[in-house]
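Following: one structure in structure tokens, then a few remarks.
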Amino acid sequence: MPASDFSGLDFSKPGRQEVHFAIARDAGKFECEGFLQGGEGAGLFHFMADPKYAQEMKALGFERIDGNKQWAMAIHDVSLKFTRDIKAENLQGLDTDQLIAFKIMV
């Protein structure tokens, strides 16, 4: 992920630092906390699914998006725009697993 995805995180500070930041995606938001030292870090995150995402995906023809599937789609940043772009290719039998796979490949 590009550094710009880590809202509120400052990679330029030297030494060990406690960090709190968010990663926002169409499917939901990851609230993260932990530490960063020398460009590496560790910590915990909490995922908050966006209920509008599942509704909008349903309107695009993707029915069964449970919490685990929505988490996976957020991890891989399967955005609504990406989904619309892939659907515009008129692929037959397109499902959420294929959307995730296509996103990983690009």
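The values are calculated or read from the model by the stated rules, or taken from the named source; none is laboratory data. Keep in mind that this is a model prediction, so the values were computed, not measured. Positions of Cβ are backbone-derived with ideal geometry, glycine not excepted, and every protein chain shown enters the neighbour counts. Ligands, DNA and RNA are stripped out before the accessible areas are found, and what is left, the full protein with its side chains, is counted by its heavy atoms. Shrake-Rupley method; radii C 1.70, N 1.55, O 1.52, S 1.80 Å.
Any residue in region 61-69 that is open to solvent by less than 80 Å² (accessible area, probe 1.4 Å) and modelled with pLDDT under 90? Within region 61-69, not a single residue is open to solvent by less than 80 Å² (accessible area, probe 1.4 Å) and modelled with pLDDT under 90.
Among the residues of region 1-12, write down those that are farther than 19 Å from Val78 by Cα and in contact with a Leu (Cβ under 8 Å, 6 or more places away or on another chain). Those that are farther than 19 Å from Val78 by Cα and in contact with a Leu (Cβ under 8 Å, 6 or more places away or on another chain): Leu9, Phe11.
Of the residues in region 94-106, none is in contact with a strand residue (DSSP E or B) (Cβ under 9 Å, 6 or more places away or on another chain) and within 23 Å of Phe6 (Cα to Cα).
For region 71-92, the count of residues that are surrounded by 14 or more Cβ atoms within 10 Å (Cβ to Cβ) and farther than 30 Å from Phe21 by Cβ is nonzero. Scanning region 10-44 for residues that are closer than 21 Å to Trp71 by Cβ, open to solvent by less than 100 Å² (accessible area, probe 1.4 Å) and not β-branched (Val, Ile, Thr) yields a count of 16.
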